[in-house]
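Student: Sharing a structure, written as structure tokens. Questions coming.
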Amino acid sequence: MTVPTDPTLIWGQPAWLEEATAWARARLAERGLEPTGEIEQPHVRWWSTVLRIPTREGDLWFKADAPPHAFEARLLPILERVRPGHVPELVANDAERGWLLMRDGGLRLRELVHSWHDLTHWQALLPEYAELQIALAPHSDELLEAQVPDERLAVLPGHVAALLDDRDACMVGRENGLDEDEYERLRALVPDFAARCTYLAAYGIPETIQHDDLHDGNVFVRDGRYLFFDWGDSCVSHPFNTLVVTMRSLVHRLELAPGGPDVVRLRDAYLEPFHRFGSRDELVEAAELAHYIGTAARSLNWNRFIRVREPQYRFDDEDAVPYGLKRLLDIGPLGSWS
């Protein structure tokens, strides 16, 4: 067993590793399998860890999520049941402990997309992801029962107001945080934010699963299919909020122009399956509203994960909360990074 580099995390504790590998071995044995080599631990972070288990049927992957993300083990079976073939094949799960055992997902999209010339992959996969969201919309209550976080438009304004009441989370007066002027300006925006949520809801586009971290590291390609991975940041919300992280990531990695022709083309590819809910102009208007609303929702997402961490694991990411809030003061076009 390869040991992780940070022994202070639970994932590195011998007792936990023994328990996790015993569970994985038992699930393999139920299928007549066993490890054919050393079990490795290539991913160790506060929020999750991953074990690679070689078998005669190929590598299997064990994933354990920290408590704020543990709903993923309850979510994946729902995704696979409702829209089969769009997530890595699930071998076993432990819903209570947040554990997953999956077959190999194939090649990461990051290894295939290196420049704007490769955007055909995104043009193909974004409509598939949109269809998954549409298929899951009638199952929103089931998603919430699985403890997928609730960031629907009806509750978002209250969540944003509560976040802005927390000066510590907003890092007011601290390096990379909000200054007093920014803080007061954002608090004054809450009624307008609530109004925008109401406007977006009026378009009648159903709320559903929203990955909220859909970038090229979380999409795999196997046997010509795109598989969507790592749902631990997801929530139930307006589907178009997805575009915030996806377009920001593409602009940053591929040096695209925010709001430029490539971004617009990809946005339109994503919106295509939603034409059953409105005209192109209506969908574009809704996407513009979601760009603003989803920017705030991403800060809520970060805060949800950071606030439960031990203090020594907060410093790397805690400025992501005020970073997202600052963007509301100067939103920029879709895909804007700063």
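The values are calculated or read from the model by the stated rules, or taken from the named source; none is laboratory data. The structure displayed is predicted, hence computed values, not measured ones. Here Cβ is always computed from backbone atoms with ideal geometry, including for glycine, and neighbour counts include all displayed protein chains. What goes into the accessible areas is simple: the full protein's heavy atoms, side chains included, and nothing from ligands, DNA or RNA. Shrake-Rupley method; radii C 1.70, N 1.55, O 1.52, S 1.80 Å.
Student: What number goes with the only condition from (1) within 26 Å of residue 203 (Cα to Cα); (2) buried (at least 16 other Cβ atoms within 10 Å of the Cβ); (3) of a type in the set (A, V, I, L, M) that residue 154 does not pass?
Tutor: (2)
Student: So residue 136 clears everything in (1) outside any helix (DSSP H, G or I); (2) at pLDDT 95 or above except one condition, right? Which one?
Tutor: Of (1) outside any helix (DSSP H, G or I); (2) at pLDDT 95 or above, only one is false for residue 136: (1).
Student: Now for a different question. List the pairs whose first member sits in segment 189-212 and is free of Cβ contacts under 8 Å to residues at least 12 places away in the same chain and closer than 15 Å to residue 148 by Cβ, whose second member is among the aliphatic types (A, V, I, L, M) and open to solvent by 10 Å² or more (accessible area, probe 1.4 Å), and whose Cβ atoms are under 6 Å apart, counting only residues at least 6 apart or on separate chains?
Tutor: none
Student: I'd like the full set of residues that are farther than 20 Å from residue 50 by Cα, under 9 Å from the mean Cα position of the chain (by Cα) and among the acidic types (Asp, Glu), limited to segment 203-249.
Tutor: The one that is farther than 20 Å from residue 50 by Cα, under 9 Å from the mean Cα position of the chain (by Cα) and among the acidic types (Asp, Glu): 212.
Student: Okay, moving on. In this structure, does residue 226 turn out to be surrounded by 14 or more Cβ atoms within 10 Å (Cβ to Cβ), more than 30 Å from residue 278 (Cα to Cα) and hydroxyl-bearing (Ser, Thr, Tyr)? Talk me through it step by step, then tell me what you get.
Tutor: Values: surrounded by 14 or more Cβ atoms within 10 Å (Cβ to Cβ): yes; more than 30 Å from residue 278 (Cα to Cα): no; hydroxyl-bearing (Ser, Thr, Tyr): yes.
The answer is no for residue 226.
Student: On to the next question. For segment 271-283, enumerate the residues that are open to solvent by less than 30 Å² (accessible area, probe 1.4 Å) and more than 11 Å from residue 243 (Cβ to Cβ).
Tutor: As a first pass, look at segment 271-283 and keep what is open to solvent by less than 30 Å² (accessible area, probe 1.4 Å): 271, 273-274, 278, 283.
Correct list: 273, 274, 278, 283.
Student: Restricting segment 24-52 to residues that are closer than 21 Å to residue 232 by Cα and of a type in the set (A, V, I, L, M, F, W, C), which is modelled with the lowest pLDDT? Lay out the reasoning, then the answer.
Tutor: Taking segment 24-52 first, the residues closer than 21 Å to residue 232 by Cα are 24, 41-52.
With the extra rule that they be of a type in the set (A, V, I, L, M, F, W, C), the set shrinks to 24, 44, 46-47, 50-51.
Details: 24: 98, 44: 93, 46: 88, 47: 91, 50: 97, 51: 98.
Residue satisfying both the conditions and the ranking: 46.
Student: Give the residue, chosen from 243, 214, that is in a loop (DSSP other than H, G, I, E, B) and buried (at least 19 other Cβ atoms within 10 Å of the Cβ).
Tutor: Values: 243 fails: in a loop (DSSP other than H, G, I, E, B).
Just a single option satisfies the conditions, and that option is 214.
Student: Name the single residue that is modelled with the lowest pLDDT among those in segment 290-332 being in contact with a helix residue (DSSP H, G or I) (Cβ under 9 Å, 6 or more places away or on another chain), open to solvent by 30 Å² or more (accessible area, probe 1.4 Å) and in a helix (DSSP H, G or I).
Tutor: 313
Student: For segment 186-211, name all the residues that are outside any loop (DSSP other than H, G, I, E, B) and touching a strand residue (DSSP E or B) at 6+ places or on another chain (Cβ under 8 Å).
Tutor: Residues of segment 186-211 outside any loop (DSSP other than H, G, I, E, B): 186-188, 190-201, 208-210.
Within segment 186-211, 208, 209, 210 qualify.
Student: Can you say whether residue 74 is under 16 Å from the mean Cα position of the chain (by Cα) and more than 19 Å from residue 243 (Cβ to Cβ), as far as the supplied structure shows? Walk me through it before giving the result.
Tutor: Values: under 16 Å from the mean Cα position of the chain (by Cα): yes; more than 19 Å from residue 243 (Cβ to Cβ): yes.
Taking the combined requirement at face value, the residue satisfies it.
Student: Here's another thing I want to ask about it. If you go through segment 149-196 one residue at a time, how many are touching a Cys at 6+ places or on another chain (Cβ under 9 Å) and aromatic (Phe, Trp, Tyr)?
Tutor: Residues flagged as touching a Cys at 6+ places or on another chain (Cβ under 9 Å) and aromatic (Phe, Trp, Tyr) within segment 149-196 amount to 1.
Student: Scan segment 121-128 and tell me whether some residue there is open to solvent by 10 Å² or more (accessible area, probe 1.4 Å) and without any contact (Cβ under 8 Å) to a residue 24 or more places away in the chain.
Tutor: Start the filter on segment 121-128 by keeping residues that are open to solvent by 10 Å² or more (accessible area, probe 1.4 Å), which leaves 121, 123-124, 127-128.
Now restrict to residues that are without any contact (Cβ under 8 Å) to a residue 24 or more places away in the chain: none.
No, because not a single residue in segment 121-128 is open to solvent by 10 Å² or more (accessible area, probe 1.4 Å) and without any contact (Cβ under 8 Å) to a residue 24 or more places away in the chain.
Student: Next up: With (1) modelled with pLDDT of 95 or more; (2) farther than 14 Å from residue 294 by Cα; (3) open to solvent by 70 Å² or more (accessible area, probe 1.4 Å) as the list, and residue 196 as the residue in question, which single condition is left unmet?
Tutor: The number of the failed condition is (2).
Student: If I filter segment 115-123 for residues that are of a type in the set (Ser, Thr, Tyr), in contact with a helix residue (DSSP H, G or I) (Cβ under 8 Å, 6 or more places away or on another chain) and modelled with pLDDT under 95, do I get at least one hit? Show your work before the answer.
Tutor: Going through segment 115-123, the residues of a type in the set (Ser, Thr, Tyr) turn out to be 115, 120.
Next, from what is left, pick out any that are in contact with a helix residue (DSSP H, G or I) (Cβ under 8 Å, 6 or more places away or on another chain): 115.
Narrowing the set further to residues that are modelled with pLDDT under 95 leaves 115.
The answer is yes, given that some residue of segment 115-123 is of a type in the set (Ser, Thr, Tyr), in contact with a helix residue (DSSP H, G or I) (Cβ under 8 Å, 6 or more places away or on another chain) and modelled with pLDDT under 95.
Student: Residues 158, 173: which one is in a loop (DSSP other than H, G, I, E, B) and without any contact (Cβ under 8 Å) to a residue 12 or more places away in the chain?
Tutor: Details: 158 fails: in a loop (DSSP other than H, G, I, E, B).
Only one candidate passes the filter, namely 173.
Student: How many residues, within segment 250-268, are closer than 25 Å to residue 151 by Cα and either of a type in the set (D, E, K, R) or open to solvent by 20 Å² or more (accessible area, probe 1.4 Å) (or both)?
Tutor: Total satisfying the criteria: 2.
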